[in-house]
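Single-structure report; data block below.
The values are calculated or read from the model by the stated rules, or taken from the named source; none is laboratory data. What you are looking at is a predicted structure, and each value in this text was computed from that prediction instead of being measured. In this analysis, Cβ positions are derived from the backbone assuming ideal geometry, glycine residues included, and neighbour counts consider all displayed protein chains. These accessible areas exclude ligands, DNA and RNA; they are computed on the full protein's heavy atoms, side chains included. Shrake-Rupley method; radii C 1.70, N 1.55, O 1.52, S 1.80 Å.
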Amino acid sequence: MSEADRVPSPAAPPAVVAAAPEEKKGKEPEREKLPPIVSAGAGAAAGLDRGSKGQISTFSSFISTVNQKKEATENRSSPTHLVFPNIKNVRDLPPICLDVRQKQRVSVDALSSEMKAPVLPEPVPPVQPKTMKDFQEDVEKSKSSGDWKTVHDFYLTTFDSFPELNAAFKKDASASFNTLEDSGINAKFVNAVYDALLNTPQDIQKTVLKGIINSLLREWKGPRTKDDLRAYFILLQNPQFNNTSTYVIYAHLLRQIATLVEADHHFLVHWFKKLSQKRFKQLVERLLQFISLRLFPAKPEEFPPISKCSWWIPSTSKVLALLNTANNLVHPPLIPYTDFYNSTLDHIDLMEEYHTWQSFGNSHRFSFCQYPFVISIAAKKIIIQRDSEQQMISIARQSLVDKVSRRQRPDMNMLFLNMKVRRTHLVSDSLDELTRKRADLKKKLKVTFVGEAGLDMGGLTKEWFLLLIRQIFHPDYGMFTYHKDSYCHWFSSFKCDNYSEFRLVGILMGLAVYNSITLDIRFPPCCYKKLLSPPIVPSDQNTPVGICSVTTDDLCQIMPELAHGLSELLSYEGNVEEDFYSTFQVFQEEFGIIKSYNLKPGGDKIPVTNQNRKEYVHLYIDFLLNKSIYKQFAAFYYGFHSVCASNALMLLRPEEVEILVCGSPELDMHALQRSTQYDGYAKTDLTIRYFWDVVLGFPLDLQKKLLHFTTGSDRVPVGGMADLNFKISKNETSTNWLPVAHTCFNQLCLPPYKSKKDLKQKLIIGISNSEGFGLE
């Protein structure tokens, strides 16, 4: 089993389910908790239930359900009406499907006599009753005639038990289908049956739910079979679980799936990835809705008390983790990772979740931080900001205490990271200040330009970032190489004696995240993957950092032509050794001198052949993206983590780190219009109406240029356009003048143009021909 298959989330692995602790006689059992996973390698699971087992209750009217089950067994020819109780009077099903590795079972003897379901003999594998064509013809006949007996009998039989489900939906009822890649299920038939179900009479729908209840109450003997996994896989797709009236049943289905052993989860993950995008997305949305409505029910009386079903959300989160793993195994993913976000979690106490996760580590208590893929980037930003603020306050308080203890007079400046720099020596002064004030990096940043009067209310800080980034990333500076094909920067592999300036860039990125500043930096996604390798700085300084697994896809994001060439080499059908005449050697130009590097010992004498070309490509990419820039990137890594040393980074995907640093590329100009402030203008003024008519009609590239012209970046902060605090001010000058921008304050100064044509012409000239940041 590969590592990728075992780890539920590559960004920050979620918790898995562990065996429940032994209950002590005579005492109420300890609560079962869902702990977090700290390492990607942990594979098996930890206590799913948060609620006490002793408190898990049963359906108040379950006797009628069991009786109807018996009647259905005796006479399947007549339609059966499931008396599904009103949810507000419903209690939960008894605990079922405890972890098989603990050999714990819910014995039928544990239930009161009136609650016992009939114990049926082991069923003989049924024969597949209908084909999909037969079923669809029956449905059409029922719709036209109004007689649903045939369709009712089909649903009654099919959903009566796990063996019946397999008989109905397996491609070949006699085949085992025990492979990862093929579940053996006729997916089209399953979809047809479920699509038709919601349009059938209520008694048919209740019959299906009744069959599911009885299947879930079955007493298990030994580990699950692949047929059992297929049944779970089929039942999970039931669209009836969109209805809150079915949530008690749905919760128990999710619990049984969540508490399966890791090997069974492994099969389910690979079967999930074979679903169509539409069905996969429906599954995810149904699970997210289940969590949202459990957290914030429209009618609280619809569900059992949270204290008696606290295992609902942990179980659901675990099943979501399986789907997230499946999604990450597919390239490209079935759905964007953002489709796993649950925006409802933005409204809960996130810091309590975070502190629970930090405090209890790998045991005891459930926290959504164990499943970071469901937490939106906006919510993660709040966690990081508040964690940063708490660290800032803590360090500032300690500075104050130290001053007082030494009987020195405290002053407000000690509460900030004060940067005093000269514009003429910006990089060297910044490097000196940050090196000298390394202990203050987690204080609030405050910038002063020497010889200039000005109070930093945020504008000077942003100006410092913009000027510094502009200078460091200039090609003449030599630290980074700009690749025109990919529009991004990459680390220069040139060797040097001092890598402190790379550390400075890392500190700048960390300070930007820490102080909620969006930077105009163009690093490829691979950079952020390396930045989280590992997400927490190792205590052993000899441990390599910034090294990650890289592929041709990563290289393509930086050097697309070279990546294409290597891909061509891999697919070349001729004789590689004779036609390419290459060895395991790389040549690079450094300061006008061509230098060679062996990709492996003796590489200059090892020819690249059809047999070893995969190894050659792997070593070549690893050399370019890892080994040749190791010292540069290590300095950058340590600089970033010297500011952003926080467990909160473990919650982030590489893509999310990029959004925190650089903002989102998704523009919503209507949102910008709604949040814009005006100075000297009113939003109803003719010039402003002309402005928005023009801007909303711009193509995307001009909209990005406008944003870059006014803010210094063409990206949007995590909080959206509203976080830009965009302002349009009236510029009382000649209408022959072009617009002016103050990027430090996200401010556009607009002359009162008299016509839309004039405004559009001047605006396009201004935003298309501005060099730099337009700082004043």
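Couple of notes before you dig in:
- For the stretch 225-353, with +1 on Lys and Arg beta carbons and -1 on Asp and Glu, the positive-most of Ser317, Ala251, Leu275 along the dipole: Leu275
- Within the assembled protein chains, the solvent-accessible surface assigned to Asp440 is about 40 Å², based on a 1.4 Å probe.
- Cα gyration tensor, the stretch 190-232 - rounded (a/c under 1.5), prolate or oblate: oblate
- Working from Cα pairs under 8 Å separated by at least six residues, relative contact order for the stretch 669-769 is 32 percent.
- For the listed peptides 580-587, 598-605, a ranking on the average number of other beta carbons within 10 Å per residue, highest first, reads 580-587, 598-605.
- Taking label positions 7 Å along the Cα-Cβ direction at both Lys278 and Thr609, the computed distance is 5.1 nm, reported to one decimal.
- Ranked order, His347, His708 - accessible area, probe 1.4 Å, largest first: His347, His708
- Hull volume per residue, based on the alpha-carbon atoms of the stretch 132-373 and their convex hull, is 145 Å³.
- Computing Rg and the Kirkwood Rh from the Cα coordinates of the stretch 669-769 gives a ratio, Rg/Rh, of 0.92.
- Candidate lysines - alpha carbon under 29 Å from Lys627, same-chain residues fewer than 8 apart omitted: Lys484, Lys495, Lys529, Lys530, Lys595, Lys600, Lys605, Lys614
- Accessible-area composition of the stretch 552-629, carbon plus sulfur, in percent [1.4 Å probe]: 52
- Lysines whose Cα lies under 30 Å from that of Lys756, excluding same-chain neighbours fewer than 8 positions away: Lys683, Lys704, Lys705, Lys727, Lys730
- For the residue pairs Lys273/Lys381; Lys133/Lys188; Lys403/Lys437; Lys206/Lys226, the C-alpha atoms sit more than 21 angstrom apart in Lys273/Lys381; Lys206/Lys226.
- Normalising the Debye intensity of the stretch 526-601 to I(0), with uniform scatterers on Cα atoms only, and taking log10 at q = 0.19, 0.20, 0.24, 0.25 Å⁻¹ returns -1.07, -1.11, -1.18, -1.18.
- Solvent exposure ordering (accessible area, 1.4 Å, most first) of Phe491, Phe416: Phe416, Phe491
- Net charge of Cβ neighbours under 10 Å - reference His708; Lys, Arg +1; Asp, Glu -1: +1
- The trypsin sites (Lys or Arg not before Pro) of the stretch 141-231 that meet both conditions, a loop assignment by DSSP and at most 14 other Cβ atoms within 10 Å of the site Cβ, are Lys171, Lys221.
- Taking Cα centre as origin and charging only the Cβ of basic (Lys, Arg, +1) and acidic (Asp, Glu, -1) residues, the dipole magnitude of the stretch 320-397 rounds to 160 debye.
- For Asp349, the solvent-accessible surface computed with a 1.4 Å probe is close to 90 Å², ligands and nucleic acids excluded.
- Centroid-to-centroid separation of the stretch 673-730 and the stretch 327-353 [C-alpha atoms, Å]: 30
- Extension reserve of the Lys141-Arg407 stretch, reckoned as 0.36 nm per residue once the Cα distance is removed: 86.5 nm
- Ranking Ile384, Ile764 from most to least accessible surface, computed with a 1.4 Å probe over the protein chains only, gives Ile764, Ile384.
- Computed FRET value (nearest 0.05) for Phe360 with Val537, which takes r as the C-beta separation and R₀ as 22 Å: 0.45
- Applying 0.36 nm per residue to the separation of Lys756 and Thr338 and subtracting their alpha-carbon distance, the gain on full extension is 146.6 nm.
- Ligands, DNA and RNA aside, His425 has an accessible area near 80 Å² when probed at 1.4 Å.
- Centre separation in Å (Cα based) which lies between the stretch 373-400 and the stretch 611-631: 38
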